[in-house]
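Engineer: Encoded as structure tokens, here's the structure I'll be asking about.
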Amino acid sequence: MCRAAVVLMILLILAACTPQEATLRLKNDLPVDSVEIIHARFPCRSPDLHFFGYRFRVSLNKEYGDGDICWNLLEQKWTWYILPEYKISRLNVRK
């Protein structure tokens with residue numbers, strides 16, 4: 001089990017799944033005052049149920065909210081959303 005976890009982490013890092021990459025994507029996409037990665041998610045609970053990602057916290061003008069940023073392995077890109085129970089979730093991209 002330990003060997004499988006190490007191999008998985010190496011593959012994720014090589015696939016640009018680092019917290020720094022996730023933070024950079026959030027900072028580029030969201031007009032907020034601060035972005036903080038809180039912890040890793042296995043599996044990432046996104047609307048599309050991706051495998052790997054991070055829980056993040058953002059703040060804007062004394063409002064804050066938590067969300068998930070997930071790595072889409074097939075499309076090789078990050079997708080994110082702020083949890084709907086926070087008012088700041090209005091920043092979510094609407095499909």
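Engineer: Say whether the condition of being under 12 Å from the mean Cα position of the chain (by Cα) and modelled with pLDDT under 75 is met by at least one residue in segment 13-20.
Structural biologist: First, pick out the residues of segment 13-20 that are under 12 Å from the mean Cα position of the chain (by Cα): 17-20.
This time we only want the ones that are modelled with pLDDT under 75, so: 17.
Yes, segment 13-20 has at least one match.
Engineer: Please identify the pairs in which a residue from segment 52-80 that is among the polar types (S, T, N, Q) has its Cβ atom under 6 Å from the Cβ atom of a residue that is surrounded by fewer than 16 Cβ atoms within 10 Å (Cβ to Cβ), counting only partners at least 6 apart or on another chain.
Structural biologist: From residues that are among the polar types (S, T, N, Q), the pairs are S59/D33; S59/S34.
Engineer: Applying the selection to segment 49-95, what residues are closer than 12 Å to R25 by Cβ, among the aromatic types (F, W, Y) and either in a helix (DSSP H, G or I) or in contact with a helix residue (DSSP H, G or I) (Cβ under 7 Å, 6 or more places away or on another chain) (or both)?
Structural biologist: Y54, F56, W78, W80
The values are calculated or read from the model by the stated rules, or taken from the named source; none is laboratory data. These numbers were taken from a predicted model, which means no experiment stands behind them. Please note: Cβ atoms are built from the backbone with ideal geometry, for glycine as well, and neighbour counts cover all protein chains shown.
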